[in-house]
1. How much length, in nm to one decimal, is gained on full extension between H106 and S60, taken as 0.36 nm per residue of separation minus their Cα-Cα distance?
2. Order L35, L81 by their accessible area, 1.4 angstrom probe, all chains in place, largest first.
3. Considering amide H positions built from the backbone, and no H for Pro or chain starts, which residues 5 or more places from S97, or on another chain, come under 5 Å of its amide H?
4. Obtain the nm distance between the two label points defined at R85 and E29 by a simple spin-label model: each point lies 7 Å from its Cα along the Cα-to-C-beta direction.
5. Rounded, prolate or oblate: which fits segment 22-107 when a ≥ b ≥ c are the square roots of the eigenvalues of the alpha-carbon gyration tensor, with rounded for a/c under 1.5 and prolate only if a/b beats b/c?
6. Go through segment 53-67 residue by residue and turn each phi into a ³J(HN,Hα) via Karplus (6.51, -1.76, 1.60, θ = phi - 60°); whole Hz please, and just put x for glycine and proline.
7. Using modelled amide H (1.01 Å from N, peptide plane; none on Pro or chain starts), what sits under 5 Å from the amide H of S69, excluding residues fewer than 5 places away?
8. I need the calculated FRET efficiency for the pair L71 and N92, taking r as the beta carbon distance and R₀ as 25 Å, to the nearest 0.05.
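The values are calculated or read from the model by the stated rules, or taken from the named source; none is laboratory data. For clarity, every value in this text was computed on a predicted model and none was experimentally measured. Counting neighbours? That spans all protein chains shown, and the Cβs are built from the backbone with ideal geometry, glycine included. Ligands, DNA and RNA are stripped out before the accessible areas are found, and what is left, the full protein with its side chains, is counted by its heavy atoms. Shrake-Rupley method; radii C 1.70, N 1.55, O 1.52, S 1.80 Å.
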Amino acid sequence: MMYYLQTFRSAGPANKQNGGFLTQVLELEVWVGALDDGSVAVVLLNRRNSTSEPVTVQWSDIGFSIHDSALVEDVWKQQILGLSRNNFTSPNIDPHSVMMLKIKLHA
């Protein structure tokens, strides 16, 4: 199964609905875009030159309630990472590497 993350520029801040660049903390970036099935595609990017780092995406930043549970999937590994509440923190991401997630609210 293939997923496509469509991003585009908008006048306002990026969010789940309009896609695009969401946050950057010390060269750690979070990009986000809505998928047709209601889930959210999230790309975690480590732009650092020498340090592997975890990256956190907050549910409130992608339009979910902090009380929601969401199923997190590593898209490229095709692996379910589990249910998370409030946020998801990745394992360490190597310098100049990315991780792509599909995050879907869990009923």
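1. Between H106 and S60, full extension yields 15.0 nm more.
2. L81, L35
3. Correct list: N46.
4. Between R85 and E29, the label points sit 3.3 nm apart.
5. Judged from the Cα gyration tensor, segment 22-107 comes out prolate (a/c at least 1.5, a/b above b/c).
6. After applying 6.51 cos²θ - 1.76 cosθ + 1.60, I find 9, x, 10, 10, 10, 8, 4, 4, 6, 10, x, 9, 6, 5, 8 Hz.
7. HN-HN under 5 Å from S69: H106.
8. 0.70
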